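Shown next, in structure tokens, is the structure this report addresses.
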Amino acid sequence: MRLTVTPAEMKRVETRVMNETAVTGEMLMQRAAAHVAAAVRRRAKAGLVWCVCATGNNAGDGLAAMRMLAVADDAFAGEVWLMEGALSPDARRELERLEACSGAARVRIRRLEGGVLPLPPKNVGCIIDALFGTGLSRPLAGVPLALCRLVNAAEGVPVVAVDIPSGLNGDTGEVMGEAVRADETVTFHRLKPGLYLREGPDYAGRITVADIGIPSALDDAQGLRLLEERDLAGLLPARRRVSHKGSYGRVLLWAGSPGMAGAAAICATAALRTGAGLVTVACPEAVMPVVQMLCPCATCLPLPMTDTDGAWTLLKGALERADALGVGCGLGQGEAAAELFERLLGWMGAHELPVVLDADALNLLARRPARLNGGTRVLTPHPAEAARLLGTTVQEVLADAPHAASQLWRRYGAAVALKGAVSVLCGAQGLALNPFGTPAMAKGGSGDALTGVTAALLAGRAAGAYRMDDLTLLQAACALHGLAGERAERQFGERGVLATDLCAFLGLAAESGRDLEGEAAVPPEEQPRKQFAPLGRRVTVTVECKLGTRDESGRVYALNYGHVQEALLEQNEWQDACVYGVNRPVEWFEGEVVACLRMPEGTLWAVAPKGTRPTPQEVRRAVAFLGQPLKIELLEKP
């Protein structure tokens with residue numbers, strides 16, 4: 001489980017860490033820049049790296065990344081554009097370091113003056129957006145806007161954004177006028193809500209969360225919860241060998257109407273694919289044959305809609321046998337449906353049966369808003385339905401989806417899944433985002449499937465198959481729904497996925513994370529550090545003591561010495577590492593771990609260019625300057 005952090009809270013946490021520990025702002029910047037540099041190495045095509053910078057600390061991150069890239073690769077070529085104005089102290093320091101580094105001759109630095117931009121460089125293989133970070137609060141204008149447009153006009157060139165694409169609001173995901181469209185955003189420490197809300201997903205590209213060494217014990221910021229795929233294994237345990245259909249819950253669905261039988265069938269199929277033991281569809285007599293044909297594994301309860309008293313008697317009897325109820329998919333809003341819904345609301349006030357309301361049930365509820373008393377209640381509106389429930393506009397709902405979801409929870413007393421490209425979830429436990437899914441799911445019937453998934457999990461929880469609070473259950477339901485859509489997209493393509501295809505992959509989505517079961521459902525701050533055999537692993541070394549430098553005791557370093565930024569130990573310390581086989585001072589190096597050196601003071605990794613295979617004697621000679629006894633574990637020759 002991950003948590004987002006707002007830009008303001010992130011700044012407060014960073015300040016606290018710098019005030020209460022030996023970690024400095026410079027250290028945080030170096031670690032952040034190393035992750036940006038690694039993303040550029042992953043993304044860059046042949047050609048030079050073009051870094052566009054403003055004057056703040058985001059520029060410092062970009063300049064430090066350019067220095068690391070230039071020092072690590074003799075073939076590197078880059079160009080930096082610096083906006084006019086006084087640089088922040090951190091950015092000025094990084095500019096001076098870049099100008100003085102061994103690869104400075106391969107990096108052209110252009111200072112933009114007078115508001116006139118030169119032509120973009122030719123043969124660009126990657127762009128670093130280091131203009132503005134999460135602190136931007138006003139629309140881009142002038143030179144920044146022109147730079148944004150130049151970056152976006154570089155067709156086919158991968159863009160790496162530092163922390164957040166410039167022009168995107170870090171809190172809300174609003175595009176403030178215009179924003180950089182990134183292929184990858186390297187954000188620091190924790191996810192920012194703006195990367196997921198509103199237009200954020202279209203501008204952020206792939207999101208990489210970079211660990212910059214902020215101790216979890218000093219991070220007390222609240223945030224929106226995000227489930228990870230590996231969490232599902234712990235939330236949805238394997239079925240017991242000795243079990244029966246009643247072990248996983250009885251779902252009742254009141255759904256369907258003439259012309260909308262498919263909605264009921266999709267909802268029922270999704271409930272069954274999610275694992276419900278029994279599913280019964282209460283539907284009008286006229287559509288029952290179609291529902292039975294489309295979903296033969298569900299039973300049907302035909303309701304005589306011309307006789308509402310008789311229909312209610314049948315429905316009430318089914319409610320008393322169910323573990324969870326789903327209402328609304330293709331239900332219609334005619335007089336009979338509205339009258340039965342009124343009776344259902346009265347019944348719900350006196351009973352604890354978990355209920356999911358969707359589609360027409362939400363529209364009927366919006367006609368006569370009422371707090372939903374009783375047990376667990378769940379609403380799954382899309383923005384237009386949410387607007388009707390709140391008596392507001394779709395634009396206001398979209399402008400602040402977390403606020404809208406919170407309002408729905410307070411007004412109706414129900415947990416909420418406000419559906420969208422990234423759904424916003426709300427319950428008594430707080431707010432969450434669902435990051436799973438694909439544009440391929442933007443088809444009729446997808447919402448009906450989510451209702452079935454949610455009803456199945458509610459029924460399973462009532463039967464004792466699952467143990468989750470309401471918000472976590474909604475997260476699991478939306479994750480299953482989104483992951484199934486992603487699997488269906490891989491099979492049928494972005495345009496070809498149907499809601500029925502999504503249902504077909506729900507069972508496989510429920511198996512997601514099974515291989516990571518030992519790591520599942522554990523909050524990051526409580527999760528033990530995973531110990532692994534590093535030999536052969538490709539890692540990045542941030543160099544703290546360059547080859548040839550002397551420490552306070554007079555010891556001269558015969559190797560570049562530092563830490564591996566991807567490995568954090570139990571004591572929240574970085575894994576020590578040295579660079580083997582590189583005979584010049586470097587500040588940053590990417591290679592593979594070729595040896596583990598066990599010493600009294602701890603373990604040191606030796607990282608070398610790919611394919612290097614030293615002997616034990618060669619390693620001992622290389623690290624003799626450390627003056628410690630050691631045991632060596634080597635990567636075997638291929």
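The values are calculated or read from the model by the stated rules, or taken from the named source; none is laboratory data. Note that the structure is a prediction, hence the values are computed from the model and not measured. A quick note on method: Cβ atoms are made from the backbone with ideal geometry, for glycine too, and the neighbour counts reach across all protein chains shown. Just so you know, the surface numbers come from the protein's heavy atoms only, side chains and all, with ligands and any DNA or RNA stripped out. Shrake-Rupley method; radii C 1.70, N 1.55, O 1.52, S 1.80 Å.
Would a scan of the stretch 425-440 turn up a residue that is polar (S, T, N, Q), under 18 Å from the mean Cα position of the chain (by Cα) and not in a loop (DSSP other than H, G, I, E, B)?
Yes, that holds for at least one residue.
Yes or no, residue by residue, for (1) in contact (Cβ under 8 Å) with a residue 60 or more places away in the chain; (2) surrounded by fewer than 19 Cβ atoms within 10 Å (Cβ to Cβ); (3) within 20 Å of Pro121 (Cβ to Cβ):
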| site | (1), (2), (3) |
| --- | --- |
| Ala22 | no, yes, no |
| Ala46 | yes, yes, yes |
| Gly78 | no, no, yes |
| Leu82 | no, no, yes |
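Can you list residue pairs whose Cβ atoms sit under 6 Å apart, with the first residue in the stretch 316-331 being in contact (Cβ under 8 Å) with a residue 60 or more places away in the chain and among the charged types (D, E, K, R) and the second being assigned to a strand (DSSP E or B) and open to solvent by 10 Å² or more (accessible area, probe 1.4 Å)? Count only pairs 6 or more apart in sequence or on different chains.
Here the result reads Asp323/Arg250, each pair linking the stretch 316-331 to a residue that is assigned to a strand (DSSP E or B) and open to solvent by 10 Å² or more (accessible area, probe 1.4 Å).
Considering each of Ala65, Ala91, Ala153, Ala70 in turn, give the residue that is open to solvent by 40 Å² or more (accessible area, probe 1.4 Å) and either within 32 Å of the chain's Cα centre (by Cα) or not hydroxyl-bearing (Ser, Thr, Tyr) (or both).
After ruling out the rest, the residue left standing is Ala153.
Answer yes or no as to whether Val162 is under 22 Å from Gln30 (Cβ atoms), touching a strand residue (DSSP E or B) at 6+ places or on another chain (Cβ under 7 Å) and open to solvent by less than 10 Å² (accessible area, probe 1.4 Å).
yes
Which numbered condition in (1) surrounded by 16 or more Cβ atoms within 10 Å (Cβ to Cβ); (2) closer than 21 Å to Gly25 by Cα; (3) not small (Gly, Ala, Ser) is the only one that Asp171 fails?
Of (1) surrounded by 16 or more Cβ atoms within 10 Å (Cβ to Cβ); (2) closer than 21 Å to Gly25 by Cα; (3) not small (Gly, Ala, Ser), only one is false for Asp171: (2).
Do you know which of the residues in the stretch 347-371 that are at pLDDT below 95 and small (Gly, Ala, Ser) is surrounded by the fewest Cβ atoms within 10 Å (Cβ to Cβ)?
Out of the qualifying residues, it is Ala350.
Taking Gly562, is it small (Gly, Ala, Ser), loosely packed, with under 12 Cβ neighbours inside 10 Å and at pLDDT 80 or above?
Answer is no for this residue.
All but one of (1) at pLDDT 95 or above; (2) open to solvent by 20 Å² or more (accessible area, probe 1.4 Å) hold for Lys245; state the number of the condition that does not hold.
For Lys245, the exception is condition (1).
Could you list, ordered by first residue, the pairs with Cβ atoms under 7 Å in which the first is in the stretch 4-20 and over 17 Å from Lys192 (Cα atoms) and the second is in a helix (DSSP H, G or I) and of a type in the set (A, V, I, L, M), at least 6 apart or interchain?
Short answer, once both residue conditions are applied: Arg16/Leu218; Val17/Leu218; Glu20/Leu218.
State which residue pairs qualify: first residue part of a strand (DSSP E or B) and inside the stretch 609-638, second residue surrounded by 10 or more Cβ atoms within 10 Å (Cβ to Cβ) and of a type in the set (Val, Ile, Thr) in any location, beta carbons under 6 Å apart, and separation of 6 or more residues or different chains.
Ile632/Val619
Take Leu535 and tell me if it is more than 28 Å from the chain's Cα centre (by Cα), crowded, with 17+ Cβ neighbours inside 10 Å, modelled with pLDDT of 85 or more and assigned to a loop (DSSP other than H, G, I, E, B).
No.
Quick check: anything in the stretch 414-423 of a type in the set (D, E, K, R) and crowded, with 21+ Cβ neighbours inside 10 Å?
Checked against the condition, which is being of a type in the set (D, E, K, R) and crowded, with 21+ Cβ neighbours inside 10 Å, the stretch 414-423 yields at least one hit.
If you go through the stretch 174-212 one residue at a time, how many are in contact with a strand residue (DSSP E or B) (Cβ under 8 Å, 6 or more places away or on another chain) and either open to solvent by 50 Å² or more (accessible area, probe 1.4 Å) or of a type in the set (S, T, N, Q) (or both)?
So the answer is 10.
Taking Thr185 and the conditions (1) at pLDDT below 95; (2) closer than 30 Å to Leu218 by Cβ, which numbered condition does it fall short on, given that it satisfies the others?
Tallying (1) at pLDDT below 95; (2) closer than 30 Å to Leu218 by Cβ, Thr185 fails exactly one: (1).
What do you reckon, is Glu26 in contact with a Leu (Cβ under 7 Å, 6 or more places away or on another chain), open to solvent by 10 Å² or more (accessible area, probe 1.4 Å) and either part of a helix (DSSP H, G or I) or modelled with pLDDT under 95 (or both)?
Here the answer is no, as Glu26 does not meet what is asked.
Taking Gly591 as the residue in question, decide whether it is without any contact (Cβ under 8 Å) to a residue 60 or more places away in the chain, over 30 Å from Met66 (Cα atoms), of a type in the set (Gly, Ala, Ser) and out of contact with any Leu (no Cβ under 7 Å at 6 or more places or on another chain).
For Gly591, the condition - without any contact (Cβ under 8 Å) to a residue 60 or more places away in the chain, over 30 Å from Met66 (Cα atoms), of a type in the set (Gly, Ala, Ser) and out of contact with any Leu (no Cβ under 7 Å at 6 or more places or on another chain) - is not met.
Of all residues in the stretch 443-489, count the ones that are closer than 16 Å to Gly249 by Cβ and open to solvent by less than 10 Å² (accessible area, probe 1.4 Å).
Residues in the stretch 443-489 being closer than 16 Å to Gly249 by Cβ and open to solvent by less than 10 Å² (accessible area, probe 1.4 Å): 14 in total.
I need a count of the residues in the stretch 445-484 that are within 18 Å of the chain's Cα centre (by Cα) and either modelled with pLDDT under 95 or under 17 Å from Ala417 (Cα atoms) (or both).
Count: 13.
Conditions first: (1) under 30 Å from Arg42 (Cα atoms); (2) surrounded by fewer than 19 Cβ atoms within 10 Å (Cβ to Cβ); (3) in contact with a strand residue (DSSP E or B) (Cβ under 6 Å, 6 or more places away or on another chain). Thr299 passes all but one, so which condition is the exception?
Exception for Thr299: condition (1).
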